[in-house]
1. Considering only the other residues whose Cβ falls under 10 Å of the Cβ of residue 31, what net charge follows from Lys and Arg at +1 and Asp and Glu at -1?
2. Normalised by the number of residues in the chain, what is the relative contact order in percent for Cα pairs under 8 Å and 6+ residues apart?
3. Taking the Cβ of residue 17 as the center, what net charge do the other residues with Cβ under 15 Å away carry, scoring Lys and Arg +1 and Asp and Glu -1?
4. Looking only at Cα atoms, what is the convex hull volume of the chain per residue, in Å³?
5. For residue 3, enumerate residues with amide H under 5 Å from its amide H, sequence gap 5+ or separate chain, H modeled in the peptide plane.
6. How much mean residue ellipticity at 222 nm does the chain get from its helices, if each DSSP H run of length 4 or more adds -39500 (n - 2.57) and you divide by all residues, to the nearest 500 deg cm²/dmol?
Amino acid sequence: MKIAVLRERATGESRVSASPETVKKFIALGATVAVETGAGITA
């Protein structure tokens with residue numbers, strides 16, 4: 001399974017990014033995780 005964590009695109013968007021702990025759990029389950037640069041950064 002592949003999981004992608006995308007950065008927010010729209011102004012004011014408040015999507016929740018994956019925490020480092022969540023990413024570790026996905027990897028432990030055998031998933032491949034790709035985190036886009038800037039994901040979880042609020043402006």
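Throughout, read-outs are computed from the coordinates displayed, never taken from laboratory work. In this text, all values refer to a predicted model and were calculated from it rather than measured experimentally. Positions of Cβ are backbone-derived with ideal geometry, glycine not excepted, and every protein chain shown enters the neighbour counts.
1. Working: positive: 2, 25; negative: none.
Value of the local net charge: +2.
2. Numbers: 46 pairs, mean separation 25.0, N = 43.
Answer for the chain is 58 percent.
3. Working: positive: 7, 9, 15, 24, 25; negative: 8, 13, 21, 36.
Neighbourhood net charge equals +1.
4. Values: hull volume 2.7 nm³, N = 43.
Once divided by residue count, the hull of the chain is 64 Å³.
5. When sequence neighbours closer than 5 places are left aside, the close amide H contacts are 32, 33, 34.
6. Working: 1 runs with 9 residues, N = 43.
The per-residue figure over the chain is -6000 deg cm²/dmol.
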